[in-house]
Amino acid sequence: MILFTFNIMNIEAGVKNDLQITDEERLKITEDNTKAILRILDIHDVKASFFVEISIAEKLKNLIKAISSQGHEIAFYNKNSGLQEIENVKKNTQDFLEKQIRGIRQKDFKQPQESLKLLEFNYVSNIDNANILFPFKRLKRNTEITEEDGLSIIPESISPYFQLPYNDFMFQILPMKYYRNMVFETLKNDDFVLIYLNSWQFTDFKKYQFDIPYYRSLFSGRKMEDKLDALLTWINENDMATSRMKDYIF
């Protein structure tokens with residue numbers, strides 16, 4: 001099973017040449033990037049899970065509604081929010097969607113699992129930092145779903161043969177032929193492949209002069225759209241199964 005997930009968050013980088021990009025403009029970039037992702041998924045009839053960053057979720061109600069109405073899962077990405085904010089945003093989102101939010105994802109700042117369970121989350125999908133040296137830091141990890149503190153803990157996937165993680169940077173930088181081979185070989189060994197991308201990777205960095213490392217701007221924007229389209233085309237041509245996180249787990 002292939003689990004496609006997308007982290008919906010504003011790009012935090014500064015801007016080159018003393019230019020200014022307002023919070024409203026950053027939010028609009030995030031919305032436009034997410035709509036591009038939705039369009040590609042719709043073309044290929046693939047359903048995914050969208051982890052919306054908690055601090056901007058209340059400002060993206062129309063986008064969240066559109067994501068959900070197209071059959072995708074809404075979950076949360078916790079950047080640095082406190083438990084009270086998480087609880088409030090979760091309740092408000094569930095009320096206007098009339099659906100339960102089951103999943104949460106964290107990276108640098110992690111709330112205790114027992115607290116997340118009390119907020120009635122069902123699964124946690126934490127991720128690690130993904131920079132240019134990341135693949136060399138840790139080559140082995142558990143890739144099986146476990147139960148802890150009443151929660152399903154979903155690990156990041158790693159290729160058993162290439163020993164590379166399926167993080168956002170690997171998708172952006174690897175040639176598609178190499179990436180497809182990773183997916184194919186991993187599915188021979190593991191029950192699922194968890195792929196995650198960030199909405200900001202779909203930004204046109206020639207148009208928006210964000211100050212980001214050169215290696216992070218490579219193959220971004222429209223090239224990311226083309227890579228996602230190419231991967232989904234290959235998956236459908238080979239009749240590979242895809243799923244939302246909550247459907248696969250429960």
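We did not get these values from a lab; they are worked out from the coordinates using the rules stated. None of these values were measured; they are calculated from a predicted model. Neighbour counts run over all protein chains shown; Cβ positions are idealised from the backbone, glycine included.
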Q) Tell me, what is the FRET efficiency for residue 120 and residue 59 to the nearest 0.05, using R0 = 35 angstrom and their Cβ-Cβ distance as r? A) 0.90
Q: Quote the relative contact order of the range 2-249 in percent (integer), defining contacts as alpha-carbon pairs under 8 Å separated by 6+ residues.
A: 27
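Quick one: order 234, 200 by neighbouring beta-carbon count within 10 Å, fewest to most.
Ordered from fewest to most neighbouring Cβ atoms within 10 Å, 234, 200 come out as 234, 200.
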Q: Would you please classify the overall shape of the range 1-102 from the alpha carbon gyration tensor, given that a ≥ b ≥ c denote the square roots of the eigenvalues, rounded means a/c under 1.5, and beyond that prolate means a/b larger than b/c while oblate covers the rest?
A: oblate
Q: Return 31, 98, 85 ranked ascending by Cβ neighbour count within 10 Å, so the fewest neighbours appear first.
A: 98, 85, 31
Q.
Longer than 22 Å from Cα to Cα, which of 65/99; 47/227; 59/227; 35/65; 28/65; 117/246 are they? Say none if no pair is.
A. 59/227
Q: Taking amide H positions as placed in the peptide plane 1.01 Å from N, state which residues far from residue 198 in sequence (5 or more) or on other chains have amide H under 5 Å from it.
A: 7
(Q) Once you order the gyration tensor axes a ≥ b ≥ c over the Cα atoms, which shape class does the range 149-193 get: rounded for a/c under 1.5, otherwise prolate or oblate by comparing a/b with b/c? (A) oblate
Q: Give me the compactness ratio for the chain, meaning the Cα radius of gyration over 2.2 N^0.38 Å.
A: 0.97
Q: For the chain, set up a Gaussian network in which alpha carbons nearer than 10 Å are linked by springs, and say which option among 78, 198, 88 fluctuates the most.
A: 88
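How many percent of DSSP beta bridges within the chain run antiparallel, rounded to 5?
15
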Q: Straight distance only, please: which lysines reach the Cα of residue 188 with their own Cα at less than 20 Å, same-chain residues fewer than 8 apart left out?
A: 140, 177
Q) For the chain, what is the mean residue ellipticity at 222 nm derived from helices alone (per DSSP H run of n ≥ 4: -39500 (n - 2.57); sum divided by total residues; nearest 500 deg cm²/dmol)? A) -12000 deg cm²/dmol
